[in-house]
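Trainee: First the structure, which I've put down as structure tokens, then a few questions once you've had a look.
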Amino acid sequence: MRYLKQGKDAAAREEVDRKVRETVEAILADVDARGDAAVRELSEKFDGYSPREFFLSPADVRAAMDKVAPRDLEDIAFAQKQVRGFAQRQRASLQDVEVETLPGVILGHKHIPVNAVGCYVPGGRYPMVASAHMSVVTAKVAGVKRVIASAPPHRGAPHPAIVAAMQMGGADEILVLGGVQAVAAMAVGTETIKPVDMLVGPGNAYVAEAKRQLFGRVGIDLFAGPTETLVIADETVDAEICATDLLGQAEHGPTSPAVLITNSEKLARETMAEVERLLGVLPTGDVARIAWQDYGEVIVCDGYEEMLSEADRIASEHVQVMTDRDDWFRDNMTNFGALFLGPRTNVAFGDKVIGTNHTLPTKKAARYTGGLWVGKFLKTCTWQKVLTDEASAMVGEYCSRLCMLEGFVGHAEQANVRVRRYGGRNIAYGEAAE
């Protein structure tokens, strides 16, 4: 394996992360201490936006939607239909359980939706309309009772298409509020914003860090960083499609990694040349160029096994596979946010319309979690019930001895009282059932 191009080293990336952590910590403390006053000041500072109310009324929502072209509303509806349909299939696959594990002993679990969720929709450099589909629609399919959706203002006003997507997706409350102040307000609560139980949705580095620091106080979908893309390719495809798929995600921001893994040095060098050509014509080339310069990588491997190993090491958010054995990569890869198999599909399909969720793990989190899906909004909670005296006494005897093995006398007595009452055994306090 050899690198034809490498990005910034880990130390340089950590210094950027450190500065973000410090800024976010101060903002969260301010919102926690001063509530609405802090939120308003931060909105004025970062977005130049200080309306009478940050919540949109039904009339405000209708006014915003009236500004959206009919064709755009149709496209939003089509995308949400795909996302909703796939989420419904996922929800249907999650079954409650009830089983008699021993005579008279019933165990089970049930899937309970989170009660209140805050969905953040980014709207800085790009108003990410699709993020409303991914979070709001999926939460509602899961059965979440209260969904509050928040997005920053766009040019001093609510972004009409984002508001439309939130409303059409089923949001119960819509906030026009951005950045750390938005997620802080939803998580911590203020005088006018009732707190939620869980935060979901992508965002910039500051939003991602805010969610990380708030985790525990509220649940989150996952730890998210800058958009990542990995292209795995051999000579069954050409440089144009590889370069396009790399830059199509690098335009997200100047810290977005875009990596090519191939077993063909010829394809690698042709792709690097094509990237330079496309950067000269891509309207978002100013951002994509910085990302490619600082975080782009090109790795040439000796064969498919080495390509697979490198891909699992990188554990990228998006993995585009274009080889003569795409299904082999699908069946053998273990660390990825989402796979896009073959040249006919691509990451943009998943980001916008095809139906899978685009909120995915970054910064190697794919080693231990998948992306946002209907199951993230569900708590799988167990229950148990003992139906007979005989079963209670029998389990109680085992429990008594195991508690005493660990020195938990009070625990043992919980078991012993059942053995005495339902099994007719005379066990003294502090003794184990024999």
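Trainee: So, in segment 281-326, how many residues would count as being under 12 Å from Val231 (Cβ atoms), in contact with a Ser or Thr (Cβ under 8 Å, 6 or more places away or on another chain) and not hydrophobic (A, V, I, L, M, F, W, C)?
Mentor: Counting residues in segment 281-326 that are under 12 Å from Val231 (Cβ atoms), in contact with a Ser or Thr (Cβ under 8 Å, 6 or more places away or on another chain) and not hydrophobic (A, V, I, L, M, F, W, C) gives 4.
Trainee: Conditions: (1) buried (at least 17 other Cβ atoms within 10 Å of the Cβ); (2) in a strand (DSSP E or B). Thr382 meets all but one. Number of the miss?
Mentor: The single condition Thr382 does not satisfy is (1).
Trainee: Assigned to a helix (DSSP H, G or I) and farther than 18 Å from Glu235 by Cα, is that true of Glu270?
Mentor: Considered against the rule, which asks whether it is assigned to a helix (DSSP H, G or I) and farther than 18 Å from Glu235 by Cα, Glu270 comes out as no.
Trainee: For segment 61-83, how many residues are in a helix (DSSP H, G or I) and open to solvent by less than 70 Å² (accessible area, probe 1.4 Å)?
Mentor: 11
Trainee: I'd like to check something: does segment 90-106 contain any residue that is of a type in the set (Ser, Thr, Tyr), free of Cβ contacts under 8 Å to residues at least 24 places away in the same chain, within 30 Å of Trp383 (Cα to Cα) and open to solvent by 20 Å² or more (accessible area, probe 1.4 Å)?
Mentor: Yes, the conditions are met somewhere in segment 90-106.
Trainee: Test Thr362 against the stated conditions and say whether it is under 30 Å from Ala338 (Cα atoms), touching a Gly at 6+ places or on another chain (Cβ under 9 Å) and not in a helix (DSSP H, G or I).
Mentor: So Thr362 fits the description; yes.
Trainee: To continue, here is another question. Filter segment 345-378 down to the residues that are surrounded by fewer than 16 Cβ atoms within 10 Å (Cβ to Cβ) and either touching a Pro at 6+ places or on another chain (Cβ under 9 Å) or of a type in the set (A, V, I, L, M) (or both) and list them by number.
Mentor: The answer is Arg367, Tyr368, Thr369.
Trainee: Okay, next question. Taking the criterion of being closer than 19 Å to Ala366 by Cβ, under 20 Å from the mean Cα position of the chain (by Cα) and open to solvent by less than 10 Å² (accessible area, probe 1.4 Å), would at least one residue in segment 191-203 satisfy it?
Mentor: Yes, some residue in segment 191-203 is closer than 19 Å to Ala366 by Cβ, under 20 Å from the mean Cα position of the chain (by Cα) and open to solvent by less than 10 Å² (accessible area, probe 1.4 Å).
Trainee: Have a look at Ala338, Ala288 and point out the one that is within 24 Å of the chain's Cα centre (by Cα) and either open to solvent by less than 10 Å² (accessible area, probe 1.4 Å) or over 30 Å from Phe78 (Cα atoms) (or both).
Mentor: Ala288
Trainee: Considering segment 139-173 alone, what residues qualify as being more than 17 Å from the chain's Cα centre (by Cα), open to solvent by 10 Å² or more (accessible area, probe 1.4 Å) and aliphatic (A, V, I, L, M)?
Mentor: Result: Ala157, Ala161, Met168, Ala171.
The values are calculated or read from the model by the stated rules, or taken from the named source; none is laboratory data. Just so we're clear, the structure is a prediction, and the values are computed from it rather than from any experiment. Here the Cβ is made from the backbone with ideal geometry for all residues, glycine too, and neighbour counts use every protein chain on show. Only protein heavy atoms, including side chains, enter the accessible area calculation; ligands, DNA and RNA are left aside. Shrake-Rupley method; radii C 1.70, N 1.55, O 1.52, S 1.80 Å.
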